[in-house]
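To start, the structure under review is shown below, and the notes come after it.
The values are calculated or read from the model by the stated rules, or taken from the named source; none is laboratory data. If you're wondering where the values come from, they're calculated on a predicted model, not measured in any experiment. Because the Cβ atoms are built from the backbone with ideal geometry, glycine has one as well, and the counts that use them run over all protein chains shown.
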Amino acid sequence: MREFIITRRKMLVCGSATALTMTIGPTRAVAQSYPSGDIAFMVGYGPGGHSDLIARSIGEQIQARIGNSVIVDYRPGGGGGIAGDLVSRAKPDGRTLLAISNTFYAVTPFLGHVQYDPLTDLTPVGFAGDGYLIAGVHPSIPVNSMQELVDYALANPGTLNYASNGQGSLTHLCGEYFKSRTGADIQHIAYRGAADAVQATIRNETQVNFSIGDASHHDRGELRAIASLGKSRWDRLPDVMSTDESGLPGWAIRSWHGVAVPKDTPAELCQQLNDMVNEIVAMPEVAERLAMLGLHAEPQTLAQLDARRREDHAAFGAVIEAAGLKAE
C-alpha cells in the first residue's frame, strides 16, 4: 500500500488526526472496528479541482471519525485512468480510497487506455453529489428555452457551433446526445478545458455551451442559460427549466461524484464507508462546500451506487458508439 503514497506530494488533510479527533470526537466503535494505518485518498487529477476538494472535505471527516491519517495523493493523467488503475490493484483493506466521478465508469473506459474493468474493479461506496449540467447560449441567439434552441437549430442547420471541454469530455457527450435526441445539426468544437470552452461561447466563436455547475456567467449576462439538464432545476438558476420540463425527459448524460474502493474490499468496510459518507455530506458545513461546487448530495445506498455506474456505463457507451468516438 505504501507505494501508492507520493511522499513529495502527499498532504495530510487538515492537520493532525489527534486535533481532528478532539474537535469532532469520533464514535469509538467506528474507530476500533476500522483497520488501522494511514489511508491514501487518490485523486486522478491535479490539486484544486472538484475531485481534490471532495477528497479533502470528506477525507478530513473520515480522519476525525476513525483516527487514521488520511493523505490526499494526486495521480493525474489519462482522464483519471492512472489513478483508477492504481486503486483497482490496491490491497482491498479499506486503506485506499479513490475520488471518482461517473466518468471513471462511463467515459474513461471507452475513450482512455485503462486496465481496470469499470463494472467490477472499482466499487463505489460513497456519494458526494450530482453536478448540475447547464445548457447555455450566446445572448445573440434568439432562444430562451431548450425547445426554442431545438426549433432554431432545425430551422438553421449547420449554423450553430457548440463548445466542449475537450474531445470525449462530458460536455462533448452532452452535445452529441442533444443532436441524437433532437436531430439538430450543430457542429462540435473542442477546447482545452472548461474555461476556454466558456470563453469561446462568450466571444461568440461558439453559440452553444454545456457547462458543469457554473452560474456566474449566466448571472452576469455573458451567457443565457436555457436548461438544467436532468429532472430538476438548479437552485442557483431557479428560473431556468429542467430538460424534463422542456420536453426532453430522461436526459441520460449526467455528472456525479463520489468515493470508490478496490474490488473485494470486505462488505462490512464498504458499508462503514457508505454510512460515514452519507453522514458527512449531510453535515451543513460539508453540504455548503459541495454546493459551492455545484453539487447536490442525497444519501445513496451501495446498491443505488452500483446501479448508477451500470446505468451510466450503458447510456454513455451508447452515445460514444453512435457518435463514432474512439480512444486516442
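Taking the criterion of being among the small types (G, A, S), outside the structural domain of K91 (by TED's automatic domain parsing) and touching a Lys or Arg at 6+ places or on another chain (Cβ under 7 Å), would at least one residue in the range 167-178 satisfy it? No, the range 167-178 has no match at all. Within the range 155-171, take every residue that is in contact with a Gly (Cβ under 7 Å, 6 or more places away or on another chain) and not small (G, A, S) and give me the one that is farthest from A225 (Cα to Cα). Within the range 155-171, the match that is farthest from A225 (Cα to Cα) is N165. Inspection of the range 204-220 identifies no residue that is basic (K, R), touching a residue at least 12 places away in the same chain (Cβ under 8 Å) and under 26 Å from L295 (Cβ atoms). All conditions in (1) free of Cβ contacts under 8 Å to residues at least 12 places away in the same chain; (2) within 29 Å of the chain's Cα centre (by Cα) hold for Y152, with the sole exception of (2).
Note on the range 236-269: residues that are assigned to a loop (DSSP other than H, G, I, E, B) and within 30 Å of V43 (Cβ to Cβ) amount to 10. Take the conditions surrounded by fewer than 18 Cβ atoms within 10 Å (Cβ to Cβ) and either of a type in the set (A, V, I, L, M) or closer than 25 Å to R310 by Cα (or both) and apply them to A260. Does it pass? No, not satisfied.
Here S228 meets the list (1) crowded, with 22+ Cβ neighbours inside 10 Å; (2) more than 22 Å from the chain's Cα centre (by Cα) almost entirely, failing just condition (2). Looking only at residues of the range 280-317 that are among the small types (G, A, S) and out of contact with any helix residue (DSSP H, G or I) (no Cβ under 9 Å at 6 or more places or on another chain), we find that the one that is nearest to T182 (Cα to Cα) is A307.
Across the range 32-48, the qualifying residues are those that are within 22 Å of A90 (Cα to Cα) and of a type in the set (G, A, S), and the one among them that is modelled with the lowest pLDDT is S33. Scanning the range 276-303 for residues being surrounded by 16 or more Cβ atoms within 10 Å (Cβ to Cβ) and either on the phi > 0 side of the Ramachandran plot or not hydrophobic (A, V, I, L, M, F, W, C) (or both) gives a total of 5. Just so you know, in the range 112-143 the residues that are of a type in the set (A, V, I, L, M) and closer than 22 Å to C174 by Cα include one that is surrounded by the fewest Cβ atoms within 10 Å (Cβ to Cβ), and it is V143. Residues in the range 144-164 that are assigned to a strand (DSSP E or B), surrounded by fewer than 21 Cβ atoms within 10 Å (Cβ to Cβ) and among the aliphatic types (A, V, I, L, M): L160 only.
Taken over the range 114-133, the residue count meeting the criterion of being touching a helix residue (DSSP H, G or I) at 6+ places or on another chain (Cβ under 7 Å) and either small (G, A, S) or in a strand (DSSP E or B) (or both) is 9. Here V240 does not fit the description of being among the β-branched types (V, I, T) and either within 30 Å of R65 (Cα to Cα) or at pLDDT below 95 (or both). Do we find a residue being over 26 Å from A322 (Cα atoms), in a loop (DSSP other than H, G, I, E, B) and either hydrophobic (A, V, I, L, M, F, W, C) or not assigned by TED's automatic domain parsing to the domain that holds Y177 (or both) anywhere in the range 94-111? Yes: one or more hits.
Taken together, the residues in the range 305-328 that are free of Cβ contacts under 8 Å to residues at least 60 places away in the same chain and either surrounded by 15 or more Cβ atoms within 10 Å (Cβ to Cβ) or under 21 Å from L273 (Cβ atoms) (or both) amount to 2.
Remark: Q304 matches the filter, which requires a residue to be assigned by TED's automatic domain parsing to the domain that holds P124 and assigned to a helix (DSSP H, G or I). Of all the residues in the range 280-303, those that are out of contact with any Leu (no Cβ under 8 Å at 6 or more places or on another chain) and in contact (Cβ under 8 Å) with a residue 24 or more places away in the chain number 11. If you go through the range 165-210 and keep only what is surrounded by fewer than 20 Cβ atoms within 10 Å (Cβ to Cβ) and polar (S, T, N, Q), you end up with Q167, S180, T182, Q187, Q199, N204.
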